């Protein structure tokens with residue numbers, strides 16, 4: 001995937017794969033499950049970004065994963081997790097769940113509420129090697145942590161000080177803009193992926209709305225202003 005010329009490619013919300021399973025309404029930014037596009041497999045180490053809405057009391061029964069780092073960011077509602085390592089937890093809005101599937105793990109994900117919808121973004125990162133130890137963790141963050149600033153929630157970049165440690169040399173940041181602005185600088189050779197979970201913003205002069213995303217390569221800086229909930233990945237090119 002090595003890209004020498006600057007790339008700022010917008011994926012509009014309407015261009016994502018969409019499926020309505022009744023209890024689950026999901027949009028996929030990359031090939032996943034029943035959706036396959038050989039030209040849309042990943043962006044560097046970022047392999048999956050699914051925008052999921054789960055009906056009250058519904059969810060994903062126990063299923064296996066291996067050799068993938070999984071980050072889940074809750075936008076609204078409460079996500080209940082259980083896994084084969086004995087972990088159980090509930091993650092609320094603004095909270096982040098991390099799981100390294102490593103050598104193999106089974107887990108379930110359910111909407112903890114019997115009355116309200118659950119909305120979360122699940123993202124998969126390709127690890128630097130296979131067979132790494134399985135891990136699980138979750139962290140709650142406040143709205144103030146990310147208000148009008150990039151908050152580094154998870155990272156495996158050398159020297160980074162993040163509350164959640166990744167095994168891949170990647171970084172995940174979130175921001176909540178309220179008539180605000182944020183900037184981000186990319187090191188040479190890095191890829192960026194910006195996802196607008198909610199709101200309306202202008203990124204490097206381009207207007208983006210909820211569900212829109214931008215894939216960046218050879219872009220030195222990202223300048224964002226407006227109102228909304230933003231997710232940003234800074235990843236290596238693993239081609």
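The values are calculated or read from the model by the stated rules, or taken from the named source; none is laboratory data. Since the model is a prediction, treat every value here as computed from it, not as a measurement. Note that we place each Cβ from the backbone using ideal geometry, even for glycine, and neighbour counts take in every protein chain shown.
Whether any residue in the range 79-97 is in contact (Cβ under 8 Å) with a residue 60 or more places away in the chain and in a strand (DSSP E or B) is what I want to check. Checked the range 79-97: at least one residue is in contact (Cβ under 8 Å) with a residue 60 or more places away in the chain and in a strand (DSSP E or B). Criterion applied to 168, 138 was being surrounded by 16 or more Cβ atoms within 10 Å (Cβ to Cβ) and at pLDDT below 95, and the one residue passing it is 138. Going residue by residue through the range 33-42, is there one that turns out to be closer than 20 Å to residue 108 by Cα and modelled with pLDDT under 95? Checked against the condition, which is being closer than 20 Å to residue 108 by Cα and modelled with pLDDT under 95, the range 33-42 yields at least one hit. Taken together, the residues in the range 107-143 that are over 23 Å from residue 50 (Cβ atoms) and in contact with a strand residue (DSSP E or B) (Cβ under 9 Å, 6 or more places away or on another chain) amount to 2.
Among what's in the range 175-197 and is crowded, with 16+ Cβ neighbours inside 10 Å and more than 19 Å from residue 219 (Cα to Cα), pick the residue that is nearest to the chain's Cα centre (by Cα). Checking each candidate, the answer is 197.
Scanning the range 197-223 for residues that are part of a strand (DSSP E or B), in contact (Cβ under 8 Å) with a residue 40 or more places away in the chain and within 22 Å of residue 120 (Cα to Cα) returns 197, 198, 208, 209, 213, 214, 215.
Of all residues in the range 139-148, none are in contact (Cβ under 8 Å) with a residue 60 or more places away in the chain and in a loop (DSSP other than H, G, I, E, B).
In a residue-by-residue description of the range 56-68, the property of being modelled with pLDDT of 95 or more and surrounded by 14 or more Cβ atoms within 10 Å (Cβ to Cβ) applies to at least one position. Here residue 103 meets the list (1) modelled with pLDDT under 95; (2) not in a loop (DSSP other than H, G, I, E, B) almost entirely, failing just condition (2). Among the residues making up the range 1-41, those that are in contact (Cβ under 8 Å) with a residue 24 or more places away in the chain, under 20 Å from residue 212 (Cβ atoms) and assigned to a loop (DSSP other than H, G, I, E, B) are 6, 12, 16, 29.
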